[in-house]
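Below: the structure, in structure tokens.
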Amino acid sequence: MKYQLYRVVPMIGVLVLSFASNAIAQIFTNQIVGGQANIYGAARSGSAATPAPGGSTDPNGNYGGVAAPGFTLTPGTNRILTMTSVSGTVTFNDYNSPLPYYDADGGGSSSSVTSYQGISGITFADRWGTLVGVFVNGPPAGFGDGSSGSSAPDLSYTASDLALNSFAPELNQSFFVGDGLTGDGTGTVQQFHVPDTATELFLGFSDGPNFHGAPGSYNDNAGSLTVSFQIVSEPTLIINKLAPSQATLSWPTNADGFALVTALSLPASSWNAVTNVPVVLGSSFSVTIPATNTQQYFRLYHQ
């Protein structure tokens, strides 16, 4: 499982010299993602927006379902996607063997659908039917309508992977979104780091006959999810060593919703909130802390 941490700086002997630009939020509210939304048609049009090379076990309807909804992103760097609300349920066989309706975190057992039209495949060790996303910058180059394969590697998730706090999917790489929390309906808000060159986000589902092989079988899905989410630019954290035993950390006051957290090593099993109360100095929050550890790491986490 690939994930990445941003703006993590070691405590001892480091000076970061530049601020990021203002933290600007894009807010999307109550967007509908139908159960037949085909993630493998992201950034395509016409019939290419609903590919179904795997066919379907249900002879009725359009095997490729419907086009996945896309959302235009404001250009920028160090952007973070967080889900603010996800509700609703979806079923993935409404034909001859009805399955339960699942929430955005899915259910059932293993699934593994392969890549198509430049959008990577995705594998789950213990479930199917999760809400997934993909960041794109137009139709994936080198993969025409109806071609198999992807320029990004397929992601494979175990149950523990789904509980991570932070993910960094590549361009054209379908990734787990779920309800955006580390647990099913509970836990910490997860962060999805947006590729700097991404211009759109698509949300939908990864489906195929019996949830394996090439994409397809969207026609027997039913239900929908209602999702709200936001994308913000991550601010730069500045650390300035004042003396051998003291340092200050600062970040812009317009970075709404970010909290300072710390860990003693990387990769970190957990990040702990810094309890020092920030003071406002000009246009920055500032925290003074003791510099007594051999190493310590800090980051700004969007709550």
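Laboratory data are not the source of any read-out in this text; all were calculated from the coordinates shown. Predicted model, so just to flag it, every value in this text is computed and none were measured. Please note: Cβ atoms are built from the backbone with ideal geometry, for glycine as well, and neighbour counts cover all protein chains shown.
Numbers below:
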{"item": "Spin-label pair SER109/SER151, simplified geometry with 7 Å Cα→Cβ offset, distance in nm", "result": "3.8"}
{"item": "Relative exposure of VAL274, VAL134, VAL66, judged by other C-beta atoms within 10 Å (fewest first)", "result": "VAL274, VAL66, VAL134"}
{"item": "Relative contact order of the chain, pairs being alpha-carbon contacts under 8 Å that are 6 or more residues apart, as %", "result": "29"}
{"item": "Cα-projected label distance for SER269 with THR91, points at 7 Å along beta-carbon direction, nm", "result": "4.3"}
{"item": "Ranked SER265, SER151, SER111, criterion: other C-beta atoms within 10 Å, fewest first", "result": "SER265, SER151, SER111"}
{"item": "Listed residues GLY70, GLY88, LEU281: farthest to the positive end of the dipole of the chain (Cβ charges)", "result": "LEU281"}
{"item": "Projected label distance in nm at ALA222 and ASP184, using a 7 Å step from Cα toward the beta-carbon", "result": "2.1"}
{"item": "Rounded, prolate or oblate (a/c below 1.5 giving rounded, otherwise prolate when a/b exceeds b/c) for segment 220-303 by Cα gyration tensor", "result": "oblate"}
{"item": "For segment 25-233: rounded, prolate or oblate by the Cα gyration tensor [a/c cutoff 1.5]", "result": "oblate"}
{"item": "Proxy reagent accessibility, fewest Cβ within 10 Å first, across THR294, THR77", "result": "THR294, THR77"}
{"item": "Net lengthening on full extension, ILE32/ASN60 (0.36 nm per residue, minus Cα-Cα)", "result": "7.7 nm"}
{"item": "Segment 213-274-segment 128-160 distance, computed between alpha-carbon centres (Å)", "result": "23"}
{"item": "Max mean-square fluctuation residue, GNM over the chain, Cα-Cα springs under 10 Å, options VAL194, VAL280, VAL232", "result": "VAL280"}
